[in-house]
1. Testing the spin-label approximation: label points 7 Å from Cα along Cα→Cβ at residue 119 and residue 42. State their distance in nm.
2. Which far-off residues, 5 or more places away or on another chain, put their amide H under 5 Å from the one on residue 79, with H placed in the peptide plane?
3. If amide H atoms are built 1.01 Å from N in the plane of the peptide, which residues on other chains or at least 5 residues away come under 5 Å of the amide H of residue 122?
4. Tell me the label-point distance for the pair residue 72, residue 112, using the 7 Å Cα-to-Cβ offset, in nm and rounded to one decimal.
Amino acid sequence: MNQISQHPHTTSHDIAPRDGRIAYIQSCWHKEIVDQCRAAFVVELRRLGRPEHLTDFFEVPGAFEIPLQAKLLARTNRYVAIVAAGSVVDGGVYRHEFVSDAVISALMRVQSETDVPIISAVLTPQRFCYQRREFHPKPSD
């Protein structure tokens, strides 16, 4: 039978106990965009009343390196959750889907193997403007 173990300070709504440390990993590729994700995360922490000093921030070169960093951090047993943020864009060479699939699959394996929840904000936008480095919504069909 599958059972979910729960930390004594968590409720069914919480991913992590309020007094546990969270690791936040972000890629540096398209940093100006990924930094916006980090800023929104910090704002949400404050809104929830969670002290920012309980979060450790890490940077890796690109999204492809996030899973290894997540695995190394999860194995330390210091973190009750890990947040992964990155951007994988279509650069005109058809490889972004392979990269994003590899990253997400690896993050799933890490959380399954370590029992540390991983929250993914690794984005693969359908349209991306390189000149202005901005996302564009998908056109309406």
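No value in this document is a laboratory result; all are computed from the given coordinates. Because the structure is a prediction, the values reported are computed rather than measured. Using ideal geometry, Cβ is built from the backbone for each residue, glycine included, and neighbour counts are taken over all protein chains shown.
1. Distance between label points: 1.6 nm.
2. none
3. Correct list: 86.
4. 2.4
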